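Below you'll find the structure, written out as structure tokens, and then a few comments.
The values are calculated or read from the model by the stated rules, or taken from the named source; none is laboratory data. On a predicted model such as this, the values are computed, not experimentally measured, just so you know. So basically every Cβ, Gly included, is an ideal-geometry build from the backbone, and we count neighbours across all protein chains shown.
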Amino acid sequence: MQNKKFKVFIIAGEVSGDVLGARIMREMSDAEFVGVGGENMMGAGLQSLFPMADLSVMGVIEVVAHAKTLTKRIKQTVAAIIETRPDIVLTIDSPGFAHSVINGLRKSVDGRQLIADGLKFHHVVAPQVWAWRAGRAKKYARTFDKLYAFFDFEVPYFTKYGLDTIAVGHPIADAVMKHGGGRKSSDTEKIITLVPGSRMSEVKRLLPIFREVAHQLVANGYSGYRFIIPTVETTAQYVRESIKKWDVQPELVSADKRYDLYAKTYIAIVASGTVSAELAMLHIPTIVIYKMNPVTTWLVRQVIRVNWVSLVNILLNRGVYPEFLGPDANTENVLDAVQQLTIPSVRQKMIDMLKSADKLWRRPDGAPATLIADSVRRAVKKKK
């Protein structure tokens, strides 16, 4: 007679979390999953309660605009946890939504009973408290029972408040290494990869810049360049419709083909976020840009404690990737940076710096998904 599977309520609210969530699920054949995820987690067998895109919101103004939908999804998730009575709740990134769901459970009579019966909350991805809003570490300690950080240096920020925290390495590194890692083609193939992000708000702000950059490059004699955009499920249709108006028509590829694309990329121009880490691990010369709502931009500048937003720049404490944020994210600055990255000596210097960060991305004791799955499994067994 087979052992009964234990039940994990899993939540991911962004594309990167959905990818990691799918890997964790595949490491746990002894578990049954319910919860919220995207196409990757659904491909691993999850029936998502609602579209993950409902949670893919960033920025103060954007969150306010979607408050009604978010409130509805919080209540729906709380009710589903109470109904399904999981052995553990595993949340991946999207900390605001995770906090709200857990608080909703603690305010519910049935939710409090589940917690009294031993329901634990594990969270993947430590907030960058070393960069801004250090007080979040204490809030995490009050909310979660275990935290999975990506880097060793992050652990003490949370353990000092009593939160059980372990470093598991960056999940992207494992995927990159499985893919082969590194650039696969010579610089004679002039592919410029444009990555506008995964959230609709950032895509709408960055696509006009990408359009003008592509137009200006071709107008200035860069006729041999190909422009390619990898798309994600949350914004693919919008991107497809938007580029019909472009003077220079870029090619579109699905996000699951992105590593093949990145390995052939000459220069990438990308939204700040996970993609810049992927490209750093592949040693791809990259320009990082980001535009937020002006109010959100002002608020972030009041509290930020680091000089850069790209993870490789932060880890190496130097400006490896050029960054253009807020009003600096404009066509002129991006074109100047592209021109610099066509100079062989400048390209090689950047690639050498990216290679020097290789040892910082991975842990020697296993892949992140495996380490997280093993830890979740031990926690459930301890409970029983």
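For this structure, a couple of remarks:
- Residue match in the range 242-256 (condition: crowded, with 19+ Cβ neighbours inside 10 Å, within 21 Å of Glu323 (Cβ to Cβ) and of a type outside the set (S, T, N, Q)): no
- For the range 237-246, the criterion of being assigned to a strand (DSSP E or B), closer than 26 Å to Ala53 by Cβ and either touching a residue at least 24 places away in the same chain (Cβ under 8 Å) or in the same structural domain as Thr331 (by TED's automatic domain parsing) (or both) is met by none of the residues.
- Qualifying positions in the range 78-107 - part of a helix (DSSP H, G or I) and closer than 25 Å to Thr274 by Cα: Pro95, Gly96, Phe97, Ala98, His99, Ser100, Val101
- Residue match in the range 353-373 (condition: buried (at least 21 other Cβ atoms within 10 Å of the Cβ) and modelled with pLDDT under 90): yes
- Given (1) free of Cβ contacts under 8 Å to residues at least 12 places away in the same chain; (2) crowded, with 18+ Cβ neighbours inside 10 Å, index of the condition Thr159 fails: (2)
- Scan of the range 214-235 for residues that are within 17 Å of the chain's Cα centre (by Cα) and either surrounded by fewer than 20 Cβ atoms within 10 Å (Cβ to Cβ) or not assigned by TED's automatic domain parsing to the domain that holds Gln339 (or both), ordered by number: Glu233
- Members of the range 108-150 found to be in a helix (DSSP H, G or I), crowded, with 20+ Cβ neighbours inside 10 Å and touching a Leu at 6+ places or on another chain (Cβ under 7 Å), listed by number: Gly111, Tyr140
- Flag if Met281 is within 30 Å of His215 (Cβ to Cβ) and either at pLDDT 85 or above or not small (Gly, Ala, Ser) (or both): no
- Flag for Ser48 being outside the structural domain of Ile314 (by TED's automatic domain parsing), crowded, with 21+ Cβ neighbours inside 10 Å and among the hydroxyl-bearing types (Ser, Thr, Tyr): no
- Scope the range 116-161; condition among the small types (Gly, Ala, Ser) and under 24 Å from Ala373 (Cβ atoms); matching residues: Gly118, Ala126, Ala141, Ala149
- Failed criterion for Val63 (all others in (1) within 15 Å of the chain's Cα centre (by Cα); (2) modelled with pLDDT under 95 hold): (1)
- Ser201 vs. criteria in the same structural domain as Leu279 (by TED's automatic domain parsing), closer than 23 Å to Asn330 by Cβ, polar (S, T, N, Q) and without any contact (Cβ under 8 Å) to a residue 40 or more places away in the chain: no
- Within the range 75-103, being among the small types (Gly, Ala, Ser) and within 22 Å of Ser16 (Cα to Cα) holds for Ser94, Gly96, Ala98, Ser100.
- Total residues in the range 216-275, condition β-branched (Val, Ile, Thr), farther than 23 Å from Arg347 by Cα and at pLDDT 90 or above: 6
- Test: residue in the range 17-27 that is part of a strand (DSSP E or B) and either surrounded by fewer than 23 Cβ atoms within 10 Å (Cβ to Cβ) or assigned by TED's automatic domain parsing to the domain that holds His99 (or both): no
- Of the criteria (1) in contact (Cβ under 8 Å) with a residue 40 or more places away in the chain; (2) part of a strand (DSSP E or B); (3) hydrophobic (A, V, I, L, M, F, W, C), which one Leu206 fails: (2)
- Within the range 3-30, being over 21 Å from the mean Cα position of the chain (by Cα) and either within 18 Å of Val168 (Cβ to Cβ) or of a type in the set (Ser, Thr, Tyr) (or both) holds for Val8, Met28, Ser29.
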